[in-house]
Amino acid sequence: MKEIVKEIGYNLGIKIGISNILDYSYLSEFMINREKNNYNCEFEEQNINKRLNAKNLFPQCKSIIAIGLPYGSGYKIPSLPYKGLLSVSSYGEDYHRKVNFTLNKLAKKLEKYRDFEHIACVDTTFLIDKEICKTAGIGNYGKNSLLINNLKGSFINLGYLLTNIEIETDSIERVDVCGQCKICVRTCPNGAIFPQGGINSKKCISYLTQTKNYIPIEYRENMGRQIYGCDVCQLVCPKNKDVLNKETNSDYSKLAVDLEELLSISNKEFSKRYGSLAGSWRGRNVWKRNALISIGNLRMKSLFQEVKDELSNSSEMIKIYAAWSLLKLDKNLAVDILYNKLKYENENVKSEYLKLMELGL
Ligand code: B12
Ligand code: SF4
Ligand code: SF4
């Protein structure tokens, strides 16, 4: 089976590996400390023990077939400076669908040789994808906390089949991929990567673009013009140089989105236009909030009126980021406008406006 799996992987042009390690309780202390330090986030299962054994998801699990689906070949940041940016993983069809499709194709091919039960996992289960794929030899952790494959770098989407059959595995080499390199630690825009490796999720800009929680004021400038995700620690990584230097037919300018349009787009139009992208899962209002932050960071004064109109939005979230953005565009004008609005707002919004004005952004 091992040879068959490898051959199918090779023919499909994907990174493939097998693991018989199903128990990850050796990560327990790391995970508990991570939670204690508040480095975890709401996009993960909060029950740590549940995450630490593949059998909690598939009790009959005996072996795992993991894959890494490369993407981002030839990517360059679109040279459209007054647009918002989506991360590279948002290019084209939602990667969850692509990886699932490949896993199911793989399972169908394997079923010709042997009957087996399986479930396909990509991103959304409570298990820890990176750890599972690491034990299957897909890659090793970089300091940016991502799994780096020796040929394809870190631009790989991870997925795996939990199976009820035992498949022989190769021994996995543990490699220190980074050595003395600290480029990503130095270039991460919000200082989210620890010098010794690993990240504080709550500081990661990818997290900030997705959360509905309050974004600390001191992080907002560092978000630049990101509408969804962040790629900085991967773009600067020497391990991705070859992949990024490849020729490509992909039109990555599609990852640059119109900020003015995002302010006025309807829910229906949003789903039609962006609904098929991996980055759209948090919905229009989160993108709109990020657009307000981007407009402020880019000092797009021509959109002053449009941003001001958002102070009348029914969403409290939109109002408070519109206020921040307006202050970035024209502090004096914005202060007058916000003072006049105070009497109409509830306590929450009022105290946020006062805080922003006091800070004198
Ligand atoms: C929650 C989550 C996030 C959070 C937290 C990210 C994180 N680092 O864990 C946020 C929102 C920030 C995020 C962002 C992104 N994510 Co995300 N995310 C997840 C999710 C759902 C769970 C991750 C998790 O459980 N982390 C828990 C802990 C255990 O991981 P950890 O803190 O990194 O700790 C491990 C390592 O860092 C390492 N480690 C710790 N210290 C040290 C020190 C050194 C020196 C070294 C070498 C290693 C090391 O050991 C730890 C134990 O395994 C997974 C899908 C899944 N179900 O697993 C996707 C996943 C991790 N995300 C993915 C991607 C692509 C991204 C983004 C690139 C998207 C984007 N462009 O914006 C960014 C990258 C940010 C980054 N630098 O990590 C991919 C990763 C692919 C890869 N090549 O590794 C995954 C696996 C989804 C998938 N199936 O493809 N994500
Ligand atoms: S994704 Fe961006 S913010 Fe997050 S660790 Fe990487 S560079 Fe830092
Ligand atoms: S930039 Fe350097 S330190 Fe960061 S993940 Fe890549 S090789 Fe490791």
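Coordinate-derived values only; no laboratory data. Bear in mind the structure is a predicted one, so any value in this text is a computation, not a measurement. Glycine also receives a Cβ, built like all others from the backbone with ideal geometry; neighbour counts cover every protein chain displayed.
So what's the convex hull volume per residue for the Cα atoms of the range 2-163, in Å³?
134 Å³
Extension gain for GLU93-GLU45 works out to 14.7 nm (0.36 nm per residue, less the C-alpha to C-alpha distance).
Ranking ALA54, LEU85, LEU110 by how far each Cα lies toward the positive end of the dipole of the range 43-121 (charges on Cβ) leaves LEU110 at the top.
Stretched out straight at 0.36 nm per residue, the stretch from ASP309 to LYS108 would grow longer than its current Cα-Cα span by 67.0 nm. Placing pseudo-labels 7 Å out from each Cα toward the beta carbon at ILE32 and THR124 gives an inter-label distance of 3.3 nm. Assuming charge only on the beta carbon of Lys and Arg (+1) and of Asp and Glu (-1), the dipole of the range 2-163 about its Cα centre is about 460 debye to the nearest 20. Each 5 Å bin from 0 upward holds the following percent of the Cα-Cα pairs of the range 176-269: 2, 11, 18, 19, 18, 14, 11, 5, 2, 1. Taking the convex hull of the alpha carbon positions in the range 112-249 and averaging its projected area over all directions gives 11.5 nm².
Quick one: compute the contact order of the chain, relative version, from alpha carbon pairs under 8 angstrom and 6+ residues apart, as a percent.
19 percent
Extending 7 Å from Cα along the Cβ direction at GLU269 and again at THR187 yields two label points whose distance is 3.6 nm.
Which one, PHE30, LEU162, LEU303, projects farthest toward the positive side of the charge dipole computed for the chain from Cβ point charges (K/R +1, D/E -1)? Most positive-ward Cα: LEU303. Projected over every direction and averaged, the convex hull enclosing the alpha-carbon atoms of the range 264-311 yields 3.6 nm². Separation of the alpha carbons by more than 22 angstrom is noted, of LYS83/LYS202; LYS6/LYS134; LYS2/LYS108, for LYS83/LYS202. For LEU342 and GLU221, the FRET efficiency from 1/(1 + (r/R0)^6), where r spans their Cβ atoms and R0 equals 30 Å, is about 0.75.
Sparsely packed loop sites in the range 89-183 (the chymotrypsin sites (Phe, Trp or Tyr not before Pro) outside DSSP H, G, I, E and B with at most 15 other Cβ atoms within 10 Å) comprise TYR113, PHE126.
Charge tally around CYS178: other residues with Cβ under 9 Å, Lys/Arg +1 each, Asp/Glu -1 each, net +2. With Cα atoms as the point set, the range 183-359 shows a radius of gyration and Dmax of 17.6, 57 Å. Its residue count N fixes a reference of 2.2 N^0.38 Å for the chain, and the Cα radius of gyration divided by that reference is 1.09.
With the simple spin-label model, which puts each label point 7 Å out from Cα in the Cβ direction, the TYR214 to ASN11 separation comes to 5.7 nm.
Between LYS301 and ASP251, the C-beta separation translates, for a Förster distance of 30 Å, into a calculated FRET efficiency of about 0.50.
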